[in-house]
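Notes for the one structure printed next.
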Amino acid sequence: MLHGMTSEPEQQLGVGVQDAFQRLWTPHRMAYIQGENKPTGPGAGDGCPFCSIPAKSDEDGLIVRRGEQVYAVLNLYPYNGGHLMVVPYRHVADYTDLTDAETVELAALTKQAMTALRTASGAHGFNIGMNQGTVAGAGIAAHLHQHIVPRWGGDTNFMPVVGHTRVLPQLLADTRKMLAEAWPS
């Protein structure tokens, strides 16, 4: 078993002859491509995953930290290992619609997330931001969320450019546990 893996990799019959890295199977990406977990409409009751996540346990929801107004959660479809989002509990689409308390706590949890990611993974830098509206690239435009993507020197290689694939070295459950333990008190 490889260090950090929670289970043995399974051999899959019928996927062809084993040939090292000529093929990189990422079947988990199909859920994102097909729009799984996307809301059916703009309302909080339209299947918004950001509204349903807080009702789950931290482990099941991949929640790293809960605040009073917002929470920090791992992205199910990360750009890099440790990719977090800070999300208000309230179903609100636009940054200008946040209350002052939500804005302050969103900023505070963003700072704490950066500290936890530096502690846990030695992140060298970050991409931080939010996509406001579908035309701006928001995957779930109806519920505001801020991305915190850790970056390391040399973390960009040919895989995302040529292979349109991201290689993540750790399972999300293991990343959630590592970041929750590193979160500043």
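The values are calculated or read from the model by the stated rules, or taken from the named source; none is laboratory data. Treat the numbers as computed from the prediction; the structure is a model and nothing was measured. Note that we place each Cβ from the backbone using ideal geometry, even for glycine, and neighbour counts take in every protein chain shown. With ligands, DNA and RNA removed, areas are computed over all heavy atoms of the protein, side chains included. Shrake-Rupley method; radii C 1.70, N 1.55, O 1.52, S 1.80 Å.
Derived scalar couplings between HN and Hα for segment 80-97 equal 8, x, x, 4, 10, 10, 9, 10, x, 5, 6, 6, 9, 8, 10, 4, 5, 8 Hz in order, rounded to whole Hz, by the Karplus curve 6.51 cos²θ - 1.76 cosθ + 1.60 (θ = phi - 60°), x for Gly and Pro. Normalised per residue, the accessible area of segment 47-168 is 49 Å², obtained with a 1.4 Å probe and no contribution from ligands, DNA or RNA.
The lysines within cross-link reach of K38, meaning a Cα-to-Cα straight distance under 24 Å and a gap of 8 or more places when in the same chain, are K56. Taking amide H as placed 1.01 Å from N in the peptide plane, F126 has its amide H under 5 Å from the amide H of R151, each at least 5 places away in sequence or on another chain. Of the GluC sites (Glu not before Pro) found in segment 58-128, the ones in coil according to DSSP and having at most 14 other Cβ atoms within 10 Å of their Cβ are E68. Rounded to the nearest whole Hz, the Karplus-based 3J(HN,Hα) values (6.51 cos²θ - 1.76 cosθ + 1.60, θ = phi - 60°) of segment 139-148 follow the sequence x, 10, 6, 6, 10, 3, 7, 9, 8, 10, with x at glycine and proline.
E59 to T103: FRET efficiency via 1/(1 + (r/R0)^6), r the Cβ-Cβ distance, R0 22 Å, to the nearest 0.05? Calculated transfer efficiency: 0.15. Please give me the summed charge of the neighbours of K177: other residues whose Cβ is under 12 Å from its Cβ, Lys and Arg +1, Asp and Glu -1. Result for the neighbourhood of K177: -3. With a sphere of radius 15 Å drawn around the Cβ of G47, what net charge do the other residues whose Cβ falls strictly inside it have (Lys, Arg +1; Asp, Glu -1)? Charge balance in the 15 Å sphere: 0. A simple rule links phi to the HN-Hα coupling: the Karplus curve 6.51 cos²θ - 1.76 cosθ + 1.60 with θ = phi - 60°, which for segment 41-49 gives x, x, x, 4, x, 9, x, 5, x Hz, with x for Gly and Pro.
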